[in-house]
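Here the structure comes first, spelled out in structure tokens, and everything after it is commentary.
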Amino acid sequence: MIPARIECPDSSWTMEYKGYLMTEKYDHPRNAVYECVDENPESVDGGEGNTDGALFYFTRSTCNGLPCPPYVNNRAITCVVCTK
């Protein structure tokens, strides 16, 4: 997974999917894992119920934490999943 990109590094890589970097809410006690979620997500049949699990939120850039430019303040960060 490569954050802040929408393409693989070069043609020797295969893009599996691109999407957005997501994680649990910043004040959630288990907020530790970032995932690249497909830009066209699909649901699992029967998976729409509330089981009080973690909720994903977009990871957004902040200019006081990342260099702006190239990042844009408060914009969702993209990602790409590539394989060799």
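Just so you know, all these numbers are worked out from the coordinates, no wet-lab data involved. Everything numeric here is computed off the predicted structure, so don't read it as measured data. No Cβ is skipped: glycine too gets one built from the backbone with ideal geometry, and neighbour counts run over all protein chains shown.
Looking only at the range 5-42, count every residue that is farther than 30 Å from Lys84 by Cβ and more than 15 Å from the chain's Cα centre (by Cα) and tell me the total.
Qualifying residue count, the range 5-42: 4.
Of the residues in the range 62-84, how many are touching a strand residue (DSSP E or B) at 6+ places or on another chain (Cβ under 8 Å) and closer than 20 Å to Ile2 by Cβ? It would help to see each step written out before you state the result.
Quick first cut of the range 62-84, residues touching a strand residue (DSSP E or B) at 6+ places or on another chain (Cβ under 8 Å) only: 74-84.
Right, trim to closer than 20 Å to Ile2 by Cβ and you get 75-84.
Of the residues in that region, 10 qualify.
The rows are residues; the columns are (1) under 29 Å from Trp13 (Cβ atoms); (2) surrounded by 10 or more Cβ atoms within 10 Å (Cβ to Cβ).
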| residue | (1), (2) |
| --- | --- |
| Tyr34 | yes, yes |
| Val37 | yes, yes |
| Asp45 | no, no |
| Thr51 | no, no |
| Asn73 | no, yes |
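So is Tyr20 in contact with a strand residue (DSSP E or B) (Cβ under 7 Å, 6 or more places away or on another chain), without any contact (Cβ under 8 Å) to a residue 40 or more places away in the chain and on the phi < 0 side of the Ramachandran plot or not?
Working: in contact with a strand residue (DSSP E or B) (Cβ under 7 Å, 6 or more places away or on another chain): yes; without any contact (Cβ under 8 Å) to a residue 40 or more places away in the chain: no; on the phi < 0 side of the Ramachandran plot: yes.
So Tyr20 fails the test.
Which of the residues belonging to the range 54-71 are surrounded by 13 or more Cβ atoms within 10 Å (Cβ to Cβ) and more than 13 Å from the chain's Cα centre (by Cα)?
Matches in the range 54-71: Ala54, Leu66, Cys68, Tyr71.
Select from the range 1-30 the residues that are of a type in the set (Gly, Ala, Ser) and within 18 Å of Val72 (Cα to Cα) and write down the one among them that is surrounded by the fewest Cβ atoms within 10 Å (Cβ to Cβ). Give the derivation first.
As a first pass, look at the range 1-30 and keep what is of a type in the set (Gly, Ala, Ser): 4, 11-12, 19.
Adding the requirement that they be within 18 Å of Val72 (Cα to Cα) leaves 4, 19.
Details: Ala4: 14, Gly19: 19.
Here the answer is Ala4.
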